[in-house]
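> Next up is a structure, given as structure tokens.
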Amino acid sequence: MLTKRLIACFDVINGRVTKAVQFQDNIDVAEASEMARKMYEEQIDEIIFFDIMASAEKRMIDIETVKKVAACVFVPFTVGGGIRDVSDMYETLKAGAEKISIDSMAVRNPSIISEGAKEFGSQCIVLSTQVLKTPSMPSGYEVYIDGARTATGLDAIEWIKRGEQLGAGEICVNSIDCDGTLGGYDLNLMRLAEKSVSVPLIASGGAGVPEHLKDVFTQTQTQAAIISSMLYSPRLEKNYSVRELKNYLLENGVNVRPATEI
Amino acid sequence: MIAIIDYKAGNAPSVQHAARRIGFDTVLARDCGQIENASHIILPGVGSAGATMNSLREMGILGALEGAVLRERTLFLGICVGMQILFERSEEDNADCLGWLEGYVARFDASKNRVPQMGWNKVDFANKTPIEAASDFFYFVNSYYARPHDRDDIWGVSDYGGVFTAAVRRGNIYGTQFHVEKSASAGLSVLAGFCGLSN
């Protein structure tokens, strides 16, 4: 039986992992490849890395850091931020990433999803989307881009359906309302999403304690969850190891890949 | 020499990184000479069966591959789509494949489970190959799965809305539906087993 996945997410600036709250006030945490190696050794299931300044600085993603991380991590590795076209995707995959995450660029130019899926397969294309509770939208959620700064007028659920049709192989839904609050994932949002698309879903934004992972995995069909603050935020009094989280989930009946001793 | 076939939609660099980690030097192979001189050939796979077959055709290496694997009995490992194309036909793109093993490749039933299968699943192995593989969790990304005609070709099985073939082996030919290069220590151990085989 397929297990639920824990995905460590890194916001990277100049090759270093940083931590923000609701997309602001980034503080420095550690060198990206060092952090990736630590998470790999703790048996994280997957790693996502966002080059969060690439888009704003209108430059190609930081390929040297992608290469460094890929050389020491033997679990799936997704890269996003600043991917402009199929040629950027190819360079990023060649540097050792398995999957490409596209977010703002997909809203501006949705055909990048279908072009990427055609060239490299749907399994390579993760559609990431930042959504904010907006009562005037049909689903109650609106898509934001550019680091959650710009409203798009797109309904979040309509957008992820379109993303699936265009060929996204996986969809990561990040709640702007919950991001960095440590109050838990937006379960209502994930339930709406799971009814609307059939590709695997990743929940993002809000995890602060192990119970939040249990909640999203037992109360929704979500297959994967992004964790960051609880793993390494210096702002928190308590950080959790991947092993602690997996042991907790197994004790609570959630099927995850056990963190065995290496 | 261990040759990893490098085609545009494959993830040869990831497989090379993984082999380096466990102490094996490899070359990224793009031509017939490299295939003919190899002791081991690895065909990584991401993307679709039809696209992978087209890439191999365009590279002009299908004949060299057949010569090496079927006649010279060079050790061969196909990963993911690289395993699926070992069979005669795939429902994906309705592609004609290599046909080195009898059987075909079918799509998972989307009414039972989310398709693609994406994540870590448990594999149980039959203890009948020179590679000693223990039951463990491996990383899968697949919408299609192989249905071997000959049950003796099945090396490992897993379960996704029903039991499916997760690994195959016949003589010098090995295939894993899971990504050995992305399955942490469990995958590296299978890859080390293959790279350490000698003919």
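The values are calculated or read from the model by the stated rules, or taken from the named source; none is laboratory data. On a predicted model such as this, the values are computed, not experimentally measured, just so you know. A quick note on method: Cβ atoms are made from the backbone with ideal geometry, for glycine too, and the neighbour counts reach across all protein chains shown. Protein only, heavy atoms only, side chains kept; ligands, DNA and RNA dropped before computing areas. Shrake-Rupley method; radii C 1.70, N 1.55, O 1.52, S 1.80 Å.
> What number of residues within the stretch A:111-127 are surrounded by fewer than 18 Cβ atoms within 10 Å (Cβ to Cβ) and either within 10 Å of another protein chain (Cβ to nearest Cβ) or touching a residue at least 40 places away in the same chain (Cβ under 8 Å) (or both)?
The total comes to 3.
> Cβ contacts < 8 Å: first residue facing another protein chain (nearest Cβ under 10 Å), restricted to the stretch A:245-261; second residue of a type in the set (D, E), any location; separation 6+ or different chain. Result?
A:V256/A:D45; A:R257/A:D45
> Suppose we filter the stretch B:170-181 for residues that are in contact with a strand residue (DSSP E or B) (Cβ under 7 Å, 6 or more places away or on another chain) and surrounded by fewer than 23 Cβ atoms within 10 Å (Cβ to Cβ); how many remain?
Number of matching residues: 2.
> Looking only at the stretch B:182-199, decide whether some residue is within 27 Å of A:Q221 (Cβ to Cβ), in a strand (DSSP E or B) and open to solvent by less than 10 Å² (accessible area, probe 1.4 Å).
No, that holds for no residue.
> Of the numbered conditions (1) open to solvent by 10 Å² or more (accessible area, probe 1.4 Å); (2) within 14 Å of chain B (Cβ to nearest Cβ), A:V29 satisfies every one except a single condition; which is it?
Here A:V29 meets the rest and fails (2).
> Further question: Which residues, taken from the stretch B:113-127, are away from every other protein chain (no Cβ under 12 Å) and free of Cβ contacts under 8 Å to residues at least 40 places away in the same chain?
Those that are away from every other protein chain (no Cβ under 12 Å) and free of Cβ contacts under 8 Å to residues at least 40 places away in the same chain: B:D124, B:A126, B:N127.
> Now, a different point. Can you tell me which condition A:S198 does not meet? The list is (1) within 14 Å of another protein chain (Cβ to nearest Cβ); (2) surrounded by 19 or more Cβ atoms within 10 Å (Cβ to Cβ); (3) in a loop (DSSP other than H, G, I, E, B); (4) of a type in the set (G, A, S), and all the others hold.
(2)
> Additional query: Consider only pairs whose beta carbons are under 8 Å apart and that are at least six residues apart or on different chains; among these, list those whose first residue lies in the stretch B:71-82 and is part of a helix (DSSP H, G or I) and whose second residue is open to solvent by less than 10 Å² (accessible area, probe 1.4 Å) and not β-branched (V, I, T).
B:V81/B:G45; B:V81/B:A49; B:G82/B:L43; B:G82/B:P44; B:G82/B:G45; B:G82/B:G175
> Is it fair to say B:F108 is surrounded by 14 or more Cβ atoms within 10 Å (Cβ to Cβ), modelled with pLDDT under 95 and within 14 Å of chain A (Cβ to nearest Cβ)? Spell out how you get there, then give the answer.
Values: surrounded by 14 or more Cβ atoms within 10 Å (Cβ to Cβ): yes; modelled with pLDDT under 95: yes; within 14 Å of chain A (Cβ to nearest Cβ): yes.
Yes, satisfied.
> Inside the stretch A:233-244, can you point out the residues that are surrounded by 11 or more Cβ atoms within 10 Å (Cβ to Cβ) and either of a type outside the set (F, W, Y) or within 14 Å of chain B (Cβ to nearest Cβ) (or both)?
Residues satisfying the conditions are A:S233, A:P234, A:R235, A:L236, A:N239, A:S241, A:V242, A:R243, A:E244.
> Hey, another quick one. From A:V86, A:V69, A:V73, grab the single residue that is open to solvent by less than 40 Å² (accessible area, probe 1.4 Å), over 19 Å from the mean Cα position of the chain (by Cα) and within 13 Å of chain B (Cβ to nearest Cβ). Explain how you work it out, then say what you get.
Working: A:V69 fails: over 19 Å from the mean Cα position of the chain (by Cα); A:V73 fails: over 19 Å from the mean Cα position of the chain (by Cα).
Going through A:V86, A:V69, A:V73 in turn, the sole match is A:V86.
> Out of the residues in the stretch A:37-66 that are of a type in the set (F, W, Y) and more than 14 Å from chain B (Cβ to nearest Cβ), which is surrounded by the fewest Cβ atoms within 10 Å (Cβ to Cβ)?
Looking at the filtered set, the residue picked out is A:F50.
> Continuing with this model, one more query. Check off (1) under 26 Å from B:C80 (Cβ atoms); (2) surrounded by fewer than 22 Cβ atoms within 10 Å (Cβ to Cβ) for A:G169 and give me the number that stays unchecked.
Result: A:G169 passes all but (2).
> Consider the stretch A:128-150. How many of its residues are within 20 Å of A:M53 (Cα to Cα) and open to solvent by 50 Å² or more (accessible area, probe 1.4 Å)?
2
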